[in-house]
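Below is one structure, written out as structure tokens; the observations come after it.
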Amino acid sequence: MSSKCLSLPLSCADACSLVAGEACLLTGVMYVLRDAGHALLLKEIDAHEGRLPYNLSGEAIFYAGPTPERDDSPFGAIGPTTASRMDFAAPRLYDCGIRATIGKGLRSEAVCDACVRNKAVYFVTVGGAAAYLAQCITSAQVVAYDHLGCEALRRIHVQNFPVFVGIDTCGRDIYSYNGKDAE
């Protein structure tokens, strides 16, 4: 199976060209953030009158908690977190300008609606492949929330990071079959 190569940050045109289930390789900048960081980010959005801080507009957020660096790699391992844990924040983040999120598993109807409304996508990457995914990361730096440790907001550079389109800009969801949740 061939994969579509995409540059990050993802353009609106590229996002709109994607179809649920399509395999992609991402290269460029993405951000890493998990549960506790999302709660802090929402507070900052409120403080910034609804605007995303840290130049996050148009960017992708990878739901992950990386392990410390190993050898010459920024992380020893970095695997996806269950995305539904961020559903409390995702629709608002999409509405504020996040173009893509990356995680594993099902998303809520509110997230699907936000993807359609904002021409945004949800990418799925494979759980259990954290050591492999770490090899796709060329650099990392903490941007904010350093006190959260592995849940800090990090800016990372990725090269050929493997994902599948989980929810596309038309609302098609790989976890649904004929409009019903897959079992």
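Could you please find all residues in the stretch 75-86 being open to solvent by 40 Å² or more (accessible area, probe 1.4 Å) and either of a type outside the set (D, E, K, R) or closer than 18 Å to Arg99 by Cα (or both)?
Step one: of the stretch 75-86, the residues open to solvent by 40 Å² or more (accessible area, probe 1.4 Å) are 82, 84-85.
Once the filter is applied, which keeps residues that are open to solvent by 40 Å² or more (accessible area, probe 1.4 Å) and either of a type outside the set (D, E, K, R) or closer than 18 Å to Arg99 by Cα (or both), the stretch 75-86 yields Thr82, Ser84.
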Inter-residue pairs, beta-carbon under 8 Å, first in a loop (DSSP other than H, G, I, E, B) and in the stretch 38-56, second polar (S, T, N, Q), 6+ apart = Arg51/Ser57
Is at least one residue of the stretch 87-101 open to solvent by 10 Å² or more (accessible area, probe 1.4 Å) and under 22 Å from Cys150 (Cβ atoms)?
-> yes
Given (1) closer than 20 Å to Cys5 by Cα; (2) touching a helix residue (DSSP H, G or I) at 6+ places or on another chain (Cβ under 8 Å), number of the condition Leu133 does not satisfy = (2)
Assuming Leu148 fulfils every condition listed in (1) at negative phi; (2) without any contact (Cβ under 8 Å) to a residue 60 or more places away in the chain; (3) not aromatic (Phe, Trp, Tyr) apart from one, which condition is it?
-> (2)
Considering every residue within the stretch 110-126, establish whether at least one is open to solvent by less than 10 Å² (accessible area, probe 1.4 Å) and assigned to a loop (DSSP other than H, G, I, E, B).
-> yes
When you go through (1) closer than 30 Å to Asp72 by Cβ; (2) in contact with a Gly (Cβ under 7 Å, 6 or more places away or on another chain) one by one for Val165, which number turns out not to apply?
-> (1)
Within the stretch 76-85, is there a residue that is of a type in the set (S, T, N, Q), assigned to a loop (DSSP other than H, G, I, E, B) and modelled with pLDDT under 95?
-> yes
Which numbered condition Gly149 misses (of (1) outside any strand (DSSP E or B); (2) buried (at least 16 other Cβ atoms within 10 Å of the Cβ)) = (2)
Note down all Cβ pairs under 7 Å where the first residue falls in the stretch 5-33 and is closer than 28 Å to Val142 by Cβ, the second is basic (Lys, Arg) and not in a loop (DSSP other than H, G, I, E, B), and they're at least six residues apart or on different chains.
-> Cys24/Lys4; Val29/Arg155; Tyr31/Arg154; Tyr31/Arg155; Val32/Arg154
Select from the stretch 48-74 the residues that are open to solvent by less than 10 Å² (accessible area, probe 1.4 Å) and aromatic (Phe, Trp, Tyr) and list them in ascending order.
-> Phe62, Tyr63
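The values are calculated or read from the model by the stated rules, or taken from the named source; none is laboratory data. This is a predicted model, so every value here is computed, not measured. Neighbour counts are summed over all protein chains in view; Cβ atoms, including those assigned to glycine, are modelled from backbone coordinates with ideal geometry. Accessible surface areas use protein heavy atoms only, side chains included; no ligands, DNA or RNA. Shrake-Rupley method; radii C 1.70, N 1.55, O 1.52, S 1.80 Å.
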